[in-house]
């Protein structure tokens with residue numbers, strides 16, 4: 001199953017440079033890396049990244065993350081994927097720009 005992570009440009013650059021990341025500030029605060037399913041990602045973008053441009057949408061294979069990925073209740077009781085270890089560049093299936101538009105963010109077809 002495909003899961004998605006939204007990174008700000010500087011967070012994505014750090015992952016590319018360092019080969020792994022403990023996540024964004026909210027991830028560090030919560031103790032795990034927040035992911036969304038494709039069905040949840042639009043609301044995540046609206047809630048946490050409204051109006052922000054220069055974002056990168058990163059996709060990973062949930063099954064490949066193994067036991068370090070846990071599905072836990074969050075917004076509205078939905079189960080969200082949370083990664084309890086650093087995200088590695090080798091975990092990334094693909095990364096695509098996530099441009100802001102007048103109607104939210106424009107998700108690539110692969111993420112829908």
Inset, instruction - May I ask you to derive the FRET efficiency for residue 78 and residue 18 from their Cβ-Cβ distance with R0 = 30 Å, giving the value to the nearest 0.05? - result: 0.45
Inset, instruction - Taking only Cα atoms and a 10 Å spring cutoff, compute GNM fluctuations for the chain and point out the largest among 77, 19, 51. - result: 77
Inset, instruction - Rank these for me by crowding, 91, 18, 67, going from fewest to most other beta carbons within 10 Å. - result: 67, 18, 91
Inset, instruction - Could you list 82, 105 in order of exposure, starting from the residue whose Cβ has the fewest other Cβ atoms within 10 Å? - result: 82, 105
Legend entry - Length released on extending from residue 9 to residue 29, taking residue separation times 0.36 nm less the Cα-Cα span: 5.3 nm
Inset, instruction - Quote to one decimal, in nm, the extra length available between residue 43 and residue 94 on full extension: 0.36 nm per residue of separation minus the C-alpha distance between them. - result: 16.3 nm
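Read-outs: derived from the displayed coordinates by stated rules, not from any lab. Since we're looking at a predicted model, the values are computed, not measured. Using ideal geometry, Cβ is built from the backbone for each residue, glycine included, and neighbour counts are taken over all protein chains shown.
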